[in-house]
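Novice: Okay, here's the structure, questions in a sec.
The values are calculated or read from the model by the stated rules, or taken from the named source; none is laboratory data. From a predicted model like this one, the values you see are computed outputs, not experimental measurements. Quick reminder, even Gly has a Cβ in these numbers, built from the backbone with ideal geometry, and neighbours come from all protein chains shown. Side chains are part of the model used for accessible areas, which takes the heavy atoms of the whole protein and leaves out ligands, DNA and RNA. Shrake-Rupley method; radii C 1.70, N 1.55, O 1.52, S 1.80 Å.
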Amino acid sequence: MQESIFETECVCTLDNLKEMTINTRKTGYVIYFYVCYILLMLFGVTIPIYNGKIFMAIVVAAFLNIVGIIFIIMPRYNAKKQYEYYKEMCSGNELRIKVIVYEDRLENIDIFNNKYTEIEYIEIKKIVDTVNLYNLVLKNNSVVMVDKKLFVKGNPEEFSEFIKNKIRKGD
């Protein structure tokens, strides 16, 4: 049996889920939103003002501000829904995940429900480093959260470098 290199746990708290969802949005999607938002604000508000249609400019500005607010709060809303789903799935407890890292793969284990997932490094698209977490974004767009404070074996900095090397090599 192969010996693990790193072992860590992660509790899927509401704060952890918010941190994960806010920071793992697709970059292209965020850039596209902001470019469209700025262009629509610029042209949708200034052109009506230029043509003397102040009411239309106010309506467009109000609509775009509502859309902007929704865009900003959506990750928090999604995190809250996911948190509630996990609590229901775990009979009122917070989901607790154990991640065991080996040379050729990592294991993601739902401790409460005893569910096991094996992940090969080739399935990892990128690692997103946040304040408290490493988020391993998989090619199917799911995310494995790794809490930096809950390492049982190894340390967070070495883990990050190890994963980055595995992703670069395409192992």
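Novice: Filter the range 7-47 down to the residues that are under 25 Å from K139 (Cβ atoms) and open to solvent by 80 Å² or more (accessible area, probe 1.4 Å), then identify the one that is nearest to the chain's Cα centre (by Cα).
Specialist: Among residues in the range 7-47 that are under 25 Å from K139 (Cβ atoms) and open to solvent by 80 Å² or more (accessible area, probe 1.4 Å), the one nearest to the chain's Cα centre (by Cα) is K26.
Novice: Test of understanding: among V67, V99, which residue is at pLDDT 95 or above and either part of a loop (DSSP other than H, G, I, E, B) or among the aliphatic types (A, V, I, L, M) (or both)?
Specialist: V99
Novice: Here is a follow-up. Counting just the residues of the range 84-98 that are of a type in the set (D, E) and within 17 Å of I111 (Cβ to Cβ), which one comes out most open to solvent (accessible area, probe 1.4 Å)?
Specialist: Residue satisfying both the conditions and the ranking: E88.
Novice: Additional query: State all residues of the range 112-132 that are part of a loop (DSSP other than H, G, I, E, B) and without any contact (Cβ under 8 Å) to a residue 60 or more places away in the chain; if no residue qualifies, say none.
Specialist: Matches in the range 112-132: F112, N113, N114, E120.
Novice: I'd like to check something: does the range 82-90 contain any residue that is closer than 30 Å to L39 by Cα, in a helix (DSSP H, G or I) and under 16 Å from the mean Cα position of the chain (by Cα)?
Specialist: Checking the range 82-90: not a single residue is closer than 30 Å to L39 by Cα, in a helix (DSSP H, G or I) and under 16 Å from the mean Cα position of the chain (by Cα).
Novice: Specify which of the listed residues (V144, V131) is closer than 19 Å to V11 by Cα, β-branched (V, I, T) and open to solvent by 70 Å² or more (accessible area, probe 1.4 Å).
Specialist: After applying the criteria, what remains is V131.
Novice: Given A79, A62, which one is over 25 Å from E19 (Cα atoms) and not β-branched (V, I, T)?
Specialist: Result of the check over A79, A62: A62.
Novice: Test K81 against the stated conditions and say whether it is touching a strand residue (DSSP E or B) at 6+ places or on another chain (Cβ under 7 Å) and either surrounded by 12 or more Cβ atoms within 10 Å (Cβ to Cβ) or farther than 22 Å from K149 by Cβ (or both).
Specialist: So K81 does not fit the description; no.
Novice: Given the conditions (1) of a type outside the set (A, V, I, L, M); (2) under 18 Å from the mean Cα position of the chain (by Cα); (3) open to solvent by less than 70 Å² (accessible area, probe 1.4 Å), which single one is not true for G68?
Specialist: Every listed condition holds for G68 apart from (2).
Novice: Now for a separate question. Under 7 Å between Cβ atoms, at least 6 apart or on separate chains: pull out the pairs that start in the range 142-171 with a residue that is closer than 11 Å to I124 by Cβ and end on any residue that is in a helix (DSSP H, G or I).
Specialist: Pairs that qualify, where the first residue is closer than 11 Å to I124 by Cβ and the partner is in a helix (DSSP H, G or I), are V143/M20; K166/Y121; I167/Y121; G170/I122; D171/Y121; D171/I122.
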